[in-house]
1. Would you calculate, for the chain, the mean residue ellipticity at 222 nm contributed by helices, counting each DSSP H stretch of 4 or more residues as -39,500 (n - 2.57) and dividing by all residues, to the nearest 500?
2. Between Lys135 and Leu11, how high is the FRET efficiency from 1/(1 + (r/R0)^6) when r is the Cβ-Cβ distance and R₀ = 45 Å? Nearest 0.05.
3. Length gain on complete extension for the stretch Trp176 to Ile20, per 0.36 nm per residue less the alpha carbon to alpha carbon distance?
4. Which lysines have a Cα less than 20 Å from the Cα of Lys74, not counting those fewer than 8 places away in the same chain?
5. Return the sequence-ordered ³J(HN,Hα) values of segment 109-121 in whole Hz as given by the Karplus equation 6.51 cos²θ - 1.76 cosθ + 1.60 applied to θ = phi - 60°, using x for Gly and Pro.
6. Could you please report the charge total around Ile95, scoring K, R as +1 and D, E as -1 over all other residues with beta-carbon less than 15 angstrom from its beta-carbon?
7. Can you compute log10 of I(q)/I(0) for the chain with the Debye formula, treating each Cα as one identical point scatterer, at q = 0.11, 0.14, 0.16, 0.18 Å⁻¹?
8. Measuring from label point to label point, each 7 Å out along Cα→Cβ, what is the Val116 to Ser163 span in nm?
Amino acid sequence: MDVLYVTLIALLIFLFFFTIIITGVAMTILTSAPWVPTPKGISRKMCELAGLKKGDKVLDLGCGDASILIVAAKEFGATCVGVELNPVVAMMARIRVRMNGVQDRVKIIRANMFDVELPDVDVVMMYLLPKATHKIENRIQERYEHLTVVSHGFELEQKEKESEKIGKATVRKYKW
Ligand SMILES: C[S@@+](CC[C@H](N)C(=O)[O-])C[C@H]1O[C@@H](n2cnc3c(N)ncnc32)[C@H](O)[C@@H]1O
């Protein structure tokens with residue numbers, strides 16, 4: 001009886017984690033931008049290009065495991081919000097934020113960036129595929145009167161203000 005009970009509990013635990021992992025993998029494949037974290041050096045360059053100062057508010061649309069936001073909060077003193085669609089990746093982001101001791105300055109929202117209410121911020125960071133970049137550009141242009149945007153990799157439709165190469169990557173700054 002005891003063995004049966006323990007086996008059943010083990011099976012339920014296995015099914016729970018299996019479902020979470022399968023959901024995560026499926027969402028990564030189906031979403032408009034798969035999860036690829038921005039390396040620390042590029043995250044730092046994005047923060048420098050944005051001219052981040054202590055207390056600035058930063059939003060990462062499709063924040064992944066919060067790579068950019070952890071650098072923004074830890075090294076530049078920014079207050080950050082990350083929006084992430086994939087529940088497994090969002091969970092990882094929350095764990096990493098805690099492990100880095102910046103939970104008082106980085107909030108992770110598990111949501112679709114095309115539906116969620118966008119908070120008041122000074123800077124938007126993004127690392128998305130071209131289709132998602134263009135779709136979100138329209139949304140943030142309507143939402144924010146004044147904004148600095150730094151994009152890793154892909155271009156927005158409007159004219160960029162500055163860009164920098166770091167290794168093979170290009171980071172681009174836009175301002176309105
Ligand atoms: C290339 S990764 C970049 C992650 C992070 N910004 C970085 O630079 O380290 C893109 C992320 O966007 C997320 N994503 C894709 N579509 C999304 C959507 N509609 N709403 C929120 N997040 C989305 C993906 O799950 C993925 O984690």
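Throughout, read-outs are computed from the coordinates displayed, never taken from laboratory work. The model shown is predicted, which means the values in this text are computed figures rather than measured ones. Heads up, the Cβs are rebuilt from the backbone with ideal geometry, glycines too, and the neighbour counts pull from every protein chain shown.
1. Values: 5 runs with 77 residues, N = 176.
So the calculated ellipticity at 222 nm is -14500 deg cm²/dmol.
2. Details: r = 42 Å, r/R0 = 0.93.
With a Förster radius of 45 Å, E is 0.60.
3. Numbers: separation 156, 0.36 × 156 = 56.16 nm, distance 4.00 nm.
So the chain would gain 52.2 nm between Trp176 and Ile20.
4. Qualifying lysines at Cα under 20 Å: Lys40, Lys45, Lys53, Lys54, Lys57, Lys107.
5. Karplus-based 3J(HN,Hα) across segment 109-121 equals 10, 8, 6, 8, 5, 7, 10, 5, 6, 8, x, 5, 9 Hz.
6. Values: positive: Arg94, Arg96, Arg98, Lys107, Arg110; negative: Asp65, Glu84.
Neighbour charge sum, excluding Ile95 itself: +3.
7. Debye intensities relative to I(0), on a log10 scale: -0.47, -0.71, -0.90, -1.13.
8. According to this spin-label approximation, the distance is 2.8 nm.
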